[in-house]
Structure formats: C-alpha cells, structure tokens
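S.K.: The following block contains the structure, expressed as structure tokens.
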Amino acid sequence: MSRIQRRKVTVIGAGNVGATTAQRIAESGLADVVLVDIVEGLPQGKGLDLAEAAPVVGHDARILGTNNYDDTTDSDVIVVTSGIARKPGMSRDDLINTNAGIVRSVVSEAAKRSPHAILVIVTNPLDAMCHVALKASGFPKERVIGMAGTLDSARFRHFIALEAGVSVEDVRAFVLGGHGDTMVPLPRYSSIGGIPLPEFLPADRVDAIVKRTRDGGAEIVGLLKTGSAFYAPAAATFEVVESILLDRRRLIPCAALLEGEYGVQGLYVGVPTVIGGGGIERIVEIKLTAEESTAFAKSAAAVKELVELL
Ligand code: APR
C-alpha cells in the first residue's frame, strides 16, 4: 500500500489573519501548514508556538514557520494574507499600491514552486488583489479565488441572528459584489430556517442590518484602531480552504473572474460559487431584481476603477 501523505497548505503572511488561519487549518488536522513571512523570526516563532499547542489540542499536523519559499514547494493550497491592514479612516482601497507590490512578489515566488496549487487571496483590496495574483501566477482562473463573500455573509448572518433572536446556525445569507463599500447584501436570498428574511424582519430592520454589514470591516477597524479584523476573516478563509481540501463543493460567495456571467467581462467580483477540489468548480448565476442588478453593476464598476489603477 502506498503511503498516504497529508495535504500541504502554505499561508503567506504570519500576521493576525495569516496566523489565525494557520491555527484553524492545523487544528482541523486537514493539512500540514507552512507559514511564511518577510519578517525574520515571526513565522518561526508563531509556527513553533502553534506546534506546541498541538499536544493539548490533539492534532498531528506539522507547522513550519519560514522566510524561505523553497519550504512551500508542492503546496495544495496557498493562502495569501501578506500586506498592510487598514487603520482608522482608511478604506480598503487605500492599501492598493503597497499591497499590489507585496501580492505580486509573494505569489510569483510561491506559484512557481507549487504550479498545481489553488490560490486563496485574502489581502485587500480583495478584488483587485485577485487580478494581481491571477497575472503573477499565470494560473487558470478556476485556481485563483478571492475570499470575501464568506466573510461579508458571516457578518450579515451574525447581525440577522442577533436581531431575530435565533441561532446563527439557522441563518443563511448572501452578499455579492466587490468587497468594499458597494458590496451587495441580498436580503431576498437570505433566510432563517428556510423562511425568507423579508418575511421574518421588518424592512427598516433589514435595511439597518444591510448597512451594518457593509460597514462591518470599518466598525472593527474603528474599535481596534491599530489594525483590522482577523477572527472572522480567518474563519471565513478556513471555510474556503476546507471546501477545497475535502472537495466539499460548498456553495459560498467568493470573488471569481467573471467572463460574461452577470453581464461582467474580465473582472473579479463576488458571486455565488461552488468551491471544490479544483477550486472554483462553478459560478452560479441567480436572477437579480432591477434594483439588485443596479447595485451589482455599481459594485463591479467600483472594482473596475480600482483595477485600472494597477
Ligand atoms: N512577504 C511576506 N510577508 C509580508 C510581506 C512580504 N512581502 N509584506 C508584509 N508581510 C507580512 C507582514 O510582515 C505581516 O506579518 O504580512 C503580515 C500582515 O499581517 P498584519 O499586519 O497583522 O495584517 P492582517 O490583519 O493579518 O491583514 C492582512 O488581510 O484582511 C486583509 O486587509 C487585510 O490586507 C490585509 C491582510
């Protein structure tokens, strides 16, 4: 019998989002994790700390912290979180120049050593960084996925559950569009135990939740003052990685390169996708009302403007 090898996931960026994502992946036991950062000692220290937690948590995944891309060779999944995070008063878009350079360099280093990997991009501004990663890797579009919709939907679900006084487990919600101020939460496609959200909560409460979801990232930046959210982003990133590693084919919103879908050409925008072992297995097109379509087109236009800055 041939030896079964554990899968390998590289997480680039050993900061708040990267290290927390590495923790989730390692603790799931689904894959060995290589944690990479440009700062010497940081990934090694966090990697060792995570490995020392393993006996208590009870998993055997190996965790390696490194500054050397050779250690990432033959990864199944590469998660990109390296870059600078927002400070109060900054929008995600303000990060574009610095983070484009970082994403370009880390993706080209990692992609050439793992030519069959699936890239999961987390660095902001998310949709624009997916374009950078697609180009720098030369990978097919199915293997370059942007994690944003799962996070925005998680925030939406949390607020709905809070307002309705029900378990988060029974709340489904969809947020489409770019991962920015123009994102499009879709109450009509959100439900509580299968009951459409608009039948459960009055319109003014739904509107307030939609607004809080859109500003969800900024709300946390405002509270933290020195950085941006990471627990929910890491959990949402793990959801995508797990669906790839286990070929679960979860239907979750992710940023995907649209080539005609939703009337958009050549742009990464958040849409419902089926995520499996091959990456984006399918983009699901749903019918939008005139109002939703307008909001989606506006969001796509905002992404386009940013991409043109690159
Ligand atoms: N190569 C590798 N790592 C790098 C590089 C590089 N060229 N440049 C920066 N980094 C590392 C930093 O050293 C730092 O450890 O990326 C890490 C970023 O971590 P944090 O500053 O803690 O930021 P974090 O909160 O994790 O957010 C990272 O994810 O959600 C997005 O908007 C967020 O774009 C931001 C990214």
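S.K.: Report, by residue number, each residue of the stretch 74-106 that is at pLDDT 95 or above and over 16 Å from the mean Cα position of the chain (by Cα).
M.R.: 74, 75, 76, 100, 101, 102, 104, 105, 106
S.K.: Kindly provide the set of residues from the stretch 88-103 that are surrounded by fewer than 19 Cβ atoms within 10 Å (Cβ to Cβ) and either assigned to a loop (DSSP other than H, G, I, E, B) or among the small types (Gly, Ala, Ser) (or both), ordered by number.
M.R.: 88, 89, 90, 91, 101
S.K.: From 100, 154, 128, grab the single residue that is within 14 Å of the ligand (Cβ to nearest atom), under 22 Å from residue 228 (Cα atoms) and not assigned by TED's automatic domain parsing to the domain that holds residue 36.
M.R.: 154
S.K.: Can I ask one more? Out of all the residues in the stretch 216-231, which are more than 10 Å from the ligand (Cβ to nearest atom) and crowded, with 16+ Cβ neighbours inside 10 Å? Explain how you work it out, then say what you get.
M.R.: Looking only at the stretch 216-231, we keep the residues that are more than 10 Å from the ligand (Cβ to nearest atom), and these are 216, 218-220, 222-223, 225, 231.
Hits for the stretch 216-231 are 216, 218, 220.
S.K.: I would also like to ask the following. Tell me which residues, restricted to the stretch 111-126, are hydrophobic (A, V, I, L, M, F, W, C), more than 17 Å from residue 271 (Cβ to Cβ) and either crowded, with 24+ Cβ neighbours inside 10 Å or in contact with a Lys or Arg (Cβ under 9 Å, 6 or more places away or on another chain) (or both).
M.R.: 117, 118, 119, 122
S.K.: Residue check: is residue 237 crowded, with 23+ Cβ neighbours inside 10 Å and within 16 Å of the ligand (Cβ to nearest atom)?
M.R.: Yes; evaluated as a whole, the condition is true for this residue.
S.K.: Then there is this: Criterion first (in contact with an Asp or Glu (Cβ under 6 Å, 6 or more places away or on another chain) and not polar (S, T, N, Q)) does residue 262 satisfy it?
M.R.: On the way: in contact with an Asp or Glu (Cβ under 6 Å, 6 or more places away or on another chain): no; not polar (S, T, N, Q): yes.
So residue 262 does not fit the description; no.
S.K.: Looking at the structure I just gave you, is residue 81 among the β-branched types (Val, Ile, Thr), touching a residue at least 40 places away in the same chain (Cβ under 8 Å) and open to solvent by less than 40 Å² (accessible area, probe 1.4 Å)?
M.R.: Values: among the β-branched types (Val, Ile, Thr): yes; touching a residue at least 40 places away in the same chain (Cβ under 8 Å): yes; open to solvent by less than 40 Å² (accessible area, probe 1.4 Å): yes.
Judged against the criteria, residue 81 is a match.
S.K.: Listed residues 58, 41; which is within 16 Å of the ligand (Cβ to nearest atom), open to solvent by 10 Å² or more (accessible area, probe 1.4 Å) and more than 18 Å from the chain's Cα centre (by Cα)?
M.R.: 41
S.K.: From 31, 22, 14, 51, which residue is open to solvent by less than 10 Å² (accessible area, probe 1.4 Å), outside the structural domain of residue 214 (by TED's automatic domain parsing) and more than 16 Å from the ligand (Cβ to nearest atom)?
M.R.: After applying the criteria, what remains is 31.
S.K.: Taking the conditions exactly as written (among the aliphatic types (A, V, I, L, M), open to solvent by 10 Å² or more (accessible area, probe 1.4 Å), closer than 18 Å to residue 219 by Cα and not assigned by TED's automatic domain parsing to the domain that holds residue 97), does residue 164 satisfy them or not? Reasoning before the result, please.
M.R.: Details: among the aliphatic types (A, V, I, L, M): yes; open to solvent by 10 Å² or more (accessible area, probe 1.4 Å): yes; closer than 18 Å to residue 219 by Cα: no; not assigned by TED's automatic domain parsing to the domain that holds residue 97: yes.
So residue 164 fails the test.
S.K.: Please determine whether any residue of the stretch 170-187 is part of a helix (DSSP H, G or I), surrounded by fewer than 24 Cβ atoms within 10 Å (Cβ to Cβ) and not assigned by TED's automatic domain parsing to the domain that holds residue 13.
M.R.: Checked the stretch 170-187: at least one residue is part of a helix (DSSP H, G or I), surrounded by fewer than 24 Cβ atoms within 10 Å (Cβ to Cβ) and not assigned by TED's automatic domain parsing to the domain that holds residue 13.
S.K.: Given the options 114, 108, name the one that is within 28 Å of residue 246 (Cβ to Cβ), hydroxyl-bearing (Ser, Thr, Tyr), more than 10 Å from the ligand (Cβ to nearest atom) and in contact with a helix residue (DSSP H, G or I) (Cβ under 7 Å, 6 or more places away or on another chain). Don't jump to the end; show me each part of the working.
M.R.: Working: 108 fails: within 28 Å of residue 246 (Cβ to Cβ).
Just one listed residue meets the conditions, 114.
S.K.: Could you please find all residues in the stretch 138-149 being open to solvent by less than 20 Å² (accessible area, probe 1.4 Å) and part of a helix (DSSP H, G or I)?
M.R.: Result: 149, single match.
S.K.: Follow-up question, since we're still on this one. Could you go through the stretch 242-260 and let me know if any residue there is away from the ligand (no atom under 16 Å from the Cβ), without any contact (Cβ under 8 Å) to a residue 60 or more places away in the chain and either more than 22 Å from residue 25 (Cβ to Cβ) or in contact with a Cys (Cβ under 8 Å, 6 or more places away or on another chain) (or both).
M.R.: Scanning the stretch 242-260 turns up at least one residue that is away from the ligand (no atom under 16 Å from the Cβ), without any contact (Cβ under 8 Å) to a residue 60 or more places away in the chain and either more than 22 Å from residue 25 (Cβ to Cβ) or in contact with a Cys (Cβ under 8 Å, 6 or more places away or on another chain) (or both).
The values are calculated or read from the model by the stated rules, or taken from the named source; none is laboratory data. None of these values were measured; they are calculated from a predicted model. Please note: Cβ atoms are built from the backbone with ideal geometry, for glycine as well, and neighbour counts cover all protein chains shown. In case anyone asks, the SASA skips ligands and DNA or RNA and just uses the protein heavy atoms, side chains included. Shrake-Rupley method; radii C 1.70, N 1.55, O 1.52, S 1.80 Å.
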